[in-house]
Amino acid sequence: MHISLSEIDPKNRIYCNRSLNMRNIKAVGFDMDYTLALYKPEEFEVLAYQETLKKLVSAGYPETVLGFTFDITHMIRGLAIDKHRGNIIKLDRHRYVKVAYHGFKELTREERRSLYDASLAQSYEEPDYALIDTLFTLADAYLFAQLIDLRNKNPDKIRKTPLEIYRDVRHSIDLCHRDGSIKLKVAKNPGKYIKRDPLLKDTLERLRQSGRKIFVVTNSLWDYTHVVMNYIFGNDTQNLTLDWVQNFDVIVTGAAKPSFFMSPNPLYEVDPQSGLLRNTDGVLSPDSKIYQGGNFKQLHERLGISSGPEILYVGDHIYGDILRSKKELGWRTMLVINELEAELEALLKFKDEFKRYEELLQIKDDLDDEIQKLQLELEKTSTEATKGNASKSSTVQSLTQKRDSTREALRRSMRKYHQNFHGTWGQLMKTGHQNSRFAAQVENYACLYTSQLTNLLNYSPNFSFRSARDFMPHDFVHD
C-alpha cells in the first residue's frame, strides 16, 4: 500500500533519520512510561514535585519551600544542570552554551562565555552535569532553580553548595518513587494521572497481525506496571485483571535500563497473580512471559531473535531507551517526543516570521561578502595611499556599520522567533540557527522519531521509511 506523506497531518507523521524497511523487523518493543502510558503532567509531575518538597523539608530544608509551586511549562528537555555552578544551560550540537540561567536569572553573553569557554573542552556530561532528557526530570530542573534562587536571596536559609542542593533534590525525588509516595496515589486513582490513547490497542494488534512479536521493557516493577497497564488498556475497576498481558509476547519489568543493554543482570520470572519472583538460573520456562531484570541476551532468546537490527524499540528516553540500545546492540529505534506536536504547530504558525529572519540573514551575508571582496581588493593594491583606496576604505566602513546593525536586528529577530516556541529556552530542536544538542542526539541515535507511538497506525506494518539525502556544504557548488 502506497502512502503519501502529504495525506498525513505533520503532527501524526513519523520522521526518518535512518532508512528503515519494516519488512526486516521481527519484533517491536516498547518502554512504558511516557511511551505506552501517557501521563498528565499537570497532575503527575505536580504530584512528584509536591512529594519531593515534603522530603526536602524532612531533610532539613526550610519550611518556606512548602510554599513553592511548579510551573510545568518553564523547563524543556535537552537542558543540562551545572551541578557545581548552580546554572541550567542549553547547548547547540557543537556543545556551545547558547542560553544559561543561574536560578531564574539569565546570564549575559559575556557571563556565559567566561564560564563556558569552548577552549576549556568541557564534556557537559555526568558527573559534573545532569542531563534533562526525560519529561520526568523537568521537575528536577525547576526545583533546583528555585532552591538556587532562594539560596541567593536568603543565604542564611540554605547553607549548601549547588552540588549538595542537586544531590538532595535527586535523592528526594528517587525516594518518592521508591517509598510509594507517588505510585500509591497513581494506583488509587490512575485516571487522574494517566491519559488513555484510544488507538493504542489497535496499533499493537495491527503489528501482531503482521507477524511481529510485541514486547515491553520497562524500569518500573511489576506491581506498578500491572496497575498502569490495566488502566491504559481499558480496565476502570479497582479489581486488576491480566487481560492486558495478552497484547504482548514478552514483558520485562525492573529492567534497570540502560544497564539492561550492557550488563548480565539476574533474571527472575514474575508470578503475575502474587507478584512473587522465581529465580530462573538462566533457564527460561517456555510458558512464562513476565520477567524482572535480566538483559538483552535472554530477551533475544525468548523472542527468537538472532541479531539486534531485527528489533525496533520505541521509547521516550534518549539515553536510557535509544542511545544504548542503538550503540550497544544495533537495535533499530524510534523516539517518542510528546512535545513534537506543539513544536510542529509553532513551525507552521510562525513560518512567515521565520522567512523575515531568513531575509535579514541573507542581507547580512550579502554585506559580509561585499565587505570581504573590498578588503581583498585593498590588500592586493599598492601600499601607497590612493584616492581609490580611500574611497574603498570609506565604503568598507559604511558597509560594516550597516552589517553590524543588521546583525543586531537579526539577533533580535531570532530571539523573538524562538520565544514563539518557548519564552525562556526557545525552540526545542534549535539554538539560534544551529540544531540543539538534543536534536543532534535525536539525529544520531533515533532511526525514527514521532510525537506518539500510535502514529504507527498511519503506516503499513511493512512500510519502508526513507531518510533524506545527507548533504555536505560543498554539495551545493552546482547551485
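Each DSSP beta bridge with both residues in the chain is either parallel or antiparallel, and the antiparallel ones are about 60%. Among the lysines of the range 351-419, pairs at least eight places apart or on separate chains and with Cα atoms under 22 Å apart come to 15.
Which order results if Val46, Val396, Val477, Val336 are arranged by neighbouring Cβ count within 10 Å, fewest first?
On the way: Val46 16, Val396 19, Val477 6, Val336 26.
Final ranking by Cβ density, sparse to dense: Val477, Val46, Val396, Val336.
Based on other C-beta atoms within 10 Å, arrange Tyr445, Tyr319 from fewest to most.
On the way: Tyr445 21, Tyr319 15.
Result, fewest neighbours first: Tyr319, Tyr445.
Our note on the geometry: Cα centres of the range 417-479 and the range 122-195, 29 Å apart. The tail of the calculated P(r) for the range 351-419 beyond 13 Å holds 67 percent of all Cα-Cα pairs.
Quick one, which of (i) 189; (ii) 158; (iii) 168 is the actual volume of the Cα convex hull per residue in Å³ calculated for this model? Computing volume of the Cα convex hull per residue in Å³ and matching it to (i) 189; (ii) 158; (iii) 168 gives (i). A straight Cα-to-Cα reach below 26 Å connects Lys153 with the lysines Lys54, Lys55, Lys83, Lys90, Lys98, Lys105, residues fewer than 8 places away in its own chain not being considered. The alpha-carbon of Lys326 sits under 17 angstrom from the alpha-carbons of these lysines, leaving out residues fewer than 8 places away in its chain: Lys26, Lys257, Lys297. As a proxy for reagent exposure, ranking Phe354, Phe476 by other Cβ atoms within 10 Å from fewest up yields Phe476, Phe354.
For the chain, what does the relative contact order come out to in percent, with C-alpha contacts under 8 Å and a separation of six or more? Could you put the intermediate results ahead of the total?
Numbers: 726 pairs, mean separation 123.2, N = 479.
Dividing the mean separation by the residue count of the chain yields 26 percent.
By the compact-protein rule of thumb, 2.2 N^0.38 Å, the alpha-carbon radius of gyration of the range 41-181 corresponds to a ratio of 1.03.
No value in this document is a laboratory result; all are computed from the given coordinates. Owing to the predicted nature of the structure, the values given are computational and were not obtained by experimental measurement. In this analysis, Cβ positions are derived from the backbone assuming ideal geometry, glycine residues included, and neighbour counts consider all displayed protein chains.
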